[in-house]
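Here's the structure, in structure tokens; my notes come after.
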Amino acid sequence: MADAADDELAAIAHLIAGGDDQAGYAQLAARIGWPRGKDLAELSPWIGVLATLAERRGAPQLAQLAREVVRDPDSPDRLYELGYALIDANASAIAASVLWRCMQLVGDSEQVVCELVSALETHLAHADAFELLESREALRAESFMCRYLHAFDAAMTGRLDVTRAVLPTLAGDDTDDDHLVMIGAIRAIVERADRVAGACQLDAGDLRGWHYVITGGLLAHQSPYGWPAPMRGRYAWLHDSIARVATGLDRLGPLAAAAGAPCVYAPPGRDHEIVAQAAARRLGLPLMPWPTIGVPAPGIVALYDLAALPGDLAKLVARRDGQILYAHAAPWTRDCAIAPDVTTLLYQHLVPPWDDVRPIEAIADDIAASAGSTSDDLAADEPARWDALVSRAWPPAPGQRSRAWAGGPVRSNRFE
């Protein structure tokens, strides 16, 4: 086994030395990333390769932290610092293995357990995060953060029974402002689940139902590719279409009317401006300028891609009467700061259906005139279940918008 590991290490080092950093990292992550990496008897040789790769990729601080772990592989402080840095470097799978090793050395430290849970969540391993917390009753009893994460990861794995049971144990920690926000987030998940009880199955395939319960938003369209398994309504790689954008706006129209949204706002950004202009035309609403001061409400705040949400988020955290935050597309493999009230589709990688040459007005006109998606593209949309969800969940009540959490109880295949 040692010879095989040495050969694997040498092969990865050879790839990196030859300039194929991407392939080298992919093989390294597959070997020492979660969950495989937690069972390695010795981690430091692999971390040494990681240090070389980080140096080559212009991350000298990460490389230095990795070298310190190689020099002192049983130092909890060094392991924790490296794990923390790896999360920031979007290497959560390797971070989880490093933090697991740290936890084996220090025991059930609140700080280490919570950081390990953070790495697992970022890696979309919510079931492992839940199991980790579920088995640490004594730590949960003394740690508000561990109780909160236990409730959250229970919801993210479909265990609302646990989320409901944990919620009362959080209430005694309501004197801290940050705690109040977290308690409110868990309470909102439970309340949304109660609101759609009987209208949604909330099983392992109910993407729309769980999307609403976890984020508070409606998902208008489900991908027909890999339906129902293995994608279960999410897109992996999508080259978007004008017709799909038009159909998303058609789904938005009745919701906007029910909420009393009187106009459309275009946030800064070419793609957002295209969708906002198309929404105004297709829905017959006036297009208003993005306010330099104040809040864009009431009205539809129309985005193309949630991942490109403008920076002035404070305007949108609190949902106002008559305000709808709409995104045609949102990523499902990474968190975003705010969950839209309505999203057309979820993707892992997205290519817009237009280029940077044609005028915004011409593209918006094409969307406004589109016949919409074909029946094949709508094959997974389950209109009866959509109507049942909307009848219970719309319009949304004023309050704080949730984050758009990556993953959830419904699993989909994804590419690394």
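The values are calculated or read from the model by the stated rules, or taken from the named source; none is laboratory data. Since the model is a prediction, treat every value here as computed from it, not as a measurement. A quick note on method: Cβ atoms are made from the backbone with ideal geometry, for glycine too, and the neighbour counts reach across all protein chains shown. Note: areas computed on protein heavy atoms with side chains; ligands, DNA, RNA excluded. Shrake-Rupley method; radii C 1.70, N 1.55, O 1.52, S 1.80 Å.
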Amide H to amide H under 5 Å from residue 265: which residues, 5+ apart in sequence or cross-chain, H placed 1.01 Å off N in plane? 288, 300, 301, 302
Sorted by chain and then number, the residues having a modelled amide H within less than 5 Å of the amide H of residue 319, at least 5 places away or on another chain, are 399, 400, 401
Mean accessible area per residue over the chain (1.4 angstrom probe, all protein chains present, square angstrom) is 43
Return the FRET efficiency for the residue pair residue 5, residue 379: r is the Cβ-Cβ distance, R0 is 45 Å, and the value is rounded to the nearest 0.05. 0.45
Using the Karplus curve 6.51 cos²θ - 1.76 cosθ + 1.60 with θ = phi - 60°, what ³J(HN,Hα) values do you get for each residue of region 339-355, in whole Hz, with x for Gly and Pro? 8, x, 5, 9, 10, 6, 8, 10, 9, 9, 9, 10, 10, x, x, 9, 9
Computed over the Cα atoms, what is the radius of gyration of region 213-310 divided by 2.2 N^0.38 Å, N being its residue count? 1.16
Under 12 Å, Cβ to Cβ, from residue 396 - net charge with Lys/Arg +1 and Asp/Glu -1: +3
Which angle between 0 and 90 degrees, to the nearest 10, do you get for helix 144-156 versus the longest principal axis of the chain when only C-alpha atoms count? 60
Could you please report the charge total around residue 26, scoring K, R as +1 and D, E as -1 over all other residues with beta-carbon less than 11 angstrom from its beta-carbon? -2
Would you please report the Å³ per residue occupied by the convex hull of the alpha carbon atoms in region 317-370? 126
Along region 57-72, Karplus-curve 3J(HN,Hα) (6.51, -1.76, 1.60; θ = phi - 60°) to the nearest Hz, with x for Gly and Pro, reads 8, x, 10, x, 5, 5, 4, 5, 4, 5, 5, 5, 5, 4, 5, 9
Carbon and sulfur %, accessible surface of the chain computed with the full protein complex present, 1.4 Å: 52
For region 353-415 and region 112-129, what is the separation of their C-alpha centers, rounded to whole Å? 29
Only Lys, Arg (+1) and Asp, Glu (-1) charged, at Cβ; region 139-223 dipole about Cα centre in debye: 320
Report the relative contact order of region 47-88, percent, no decimals, based on alpha-carbon pairs under 8 angstrom and at least 6 residues apart. 33
How far, in degrees from 0 to 90, does helix 92-106 lean away from the longest principal axis of the Cα atoms of the chain, to the nearest 10? 50
Using Kirkwood radius over Cα pairs in Å as the read-out, say which of [x] 21.4; [y] 23.1; [z] 27.2 was calculated from these coordinates. [y]
Using only Cα atoms, locate the centre of region 55-108 and the centre of region 205-263, then give the distance between them in Å, rounded to an integer. 38
So what are the ³J(HN,Hα) numbers for region 208-216, from phi and the Karplus equation (6.51, -1.76, 1.60; θ = phi - 60°), rounded to whole Hz, Gly and Pro as x? 5, x, 5, 4, 5, 4, 6, 10, x
